[in-house]
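Please read the structure below before turning to the comments.
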Amino acid sequence: MKVGILALQGDFIEHAHMLRRIGHESVEVRLPQHLDGLEALILPGGESTTFGRLATRYGLIEPLRRFIYSGKPVWGTCAGLIFLAKDVGRDQVTLGVMDIRVARNAFGRQVDSFVAPLNVKGLSGGPFTGVFIRAPVIESVAPHVEVLCTLADGTIVAARQDHMLATSFHPELTDDPRLHALFLGLQLPTADHAVF
Ligand code: GLN
């Protein structure tokens with residue numbers, strides 16, 4: 001599958017490494033023409049206002065929206081989640097395609113980053129290690145958005161709307177490819193992710 005990763009800023013290389021481990025090469029997306037022929041797209045972690053500024057400068061906002069509206073799978077991790085959201089509670093450029101309200105930096109500052117075991121709907125093989133780095137949370141979702149994961153206190157940290165997936169945390173910074181595989185619609189035997 002030809003997978004693109006938005007490569008304006010942030011941890012796009014870590015996503016590429018994870019995809020390679022499960023047998024998929026990826027394309028770095030920096031300009032509109034880089035979207036040609038892609039079958040799926042990942043928006044990485046990073047800094048969402050920078051994504052907005054650079055995507056505007058490179059003429060990427062409308063091409064990215066068109067790509068997503070065409071129904072191809074898209075996944076935003078952390079800043080990528082913010083970039084997908086319709087409502088971020090402040091004035092910044094986002095793609096505005098996912099019916100979620102997001103609060104940025106919801107757990108505090110960089111030093112308040114943490115790791116937590118998560119149960120993600122649809123993911124077999126036990127808890128997934130959630131890496132939260134100055135992470136956003138999803139404050140609310142529209143009725144047609146499916147919540148995939150919450151913290152113990154009910155805070156929403158992963159959701160899906162049709163072909164759009166959003167996670168507050170960073171699967172690309174773990175050694176567990178299950179979510180990348182899930183995103184690409186691949187089947188991995190439950191216990192086998194450890195061998196990659
Ligand atoms: N705090 C960043 C933002 O608001 C997101 C952090 C991340 O992607 N790890 O854009």
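The values are calculated or read from the model by the stated rules, or taken from the named source; none is laboratory data. For clarity, every value in this text was computed on a predicted model and none was experimentally measured. No Cβ is skipped: glycine too gets one built from the backbone with ideal geometry, and neighbour counts run over all protein chains shown. These area figures cover heavy atoms from the full protein model, side chains too; ligands, DNA and RNA do not enter into them. Shrake-Rupley method; radii C 1.70, N 1.55, O 1.52, S 1.80 Å.
Details
- In range of the label at R57: residues from region 5-19 whose backbone nitrogen is under 20 Å from the point 7 Å along Cα→Cβ: 5-13
- As a length-normalised measure over Cα pairs under 8 Å and 6 or more apart, the relative contact order of region 20-124 settles at 23 percent.
- Relative contact order for the chain, counting Cα pairs under 8 Å that sit 6 or more residues apart, in percent: 18
- List I68, I13, ordered by accessible area with a 1.4 Å probe, largest first: I13, I68
- Computed Rg/Rh of region 1-62, alpha carbon atoms with Kirkwood Rh: 0.97
- Sorted largest first, extent of the chain alpha carbons per principal axis (Å): 42, 35, 34
- Estimated 222 nm signal from helices in the chain, with DSSP H stretches of n ≥ 4 weighted -39500 (n - 2.57), rounded to 500: -5500 deg cm²/dmol
- Computed over region 78-140, the P(r) curve from all C-alpha pair distances, binned at 10 Å from the origin, holds 22, 42, 32, 4 percent per bin.
- Solvent-accessible ranking of D112, D153, largest area first, probe 1.4 Å: D153, D112
- Share of carbon and sulfur in the accessible area of the chain stands at 51%, probe radius 1.4 Å.
- Debye equation applied to the C-alpha atoms of region 1-113, log10 I(q)/I(0) at 0.10, 0.12, 0.13, 0.20 Å⁻¹: -0.27, -0.39, -0.46, -1.07
- In this structure the chain gives 45 Å² per residue of accessible area when probed at 1.4 Å with all protein chains present.
- Accessible area of F67 in the full protein assembly, 1.4 Å probe (Å², nearest 10): 10
- Computed extension gain for R30 through T129, at 0.36 nm per residue and net of the alpha carbon distance, reaches 32.7 nm.
- At R0 = 25 Å, FRET efficiency that the Cβ-Cβ distance of D112 and S140 yields, to 0.05: 0.65
- Label positions at R65 and H163, each projected 7 Å from the Cα along the C-beta direction, are separated by 1.8 nm.
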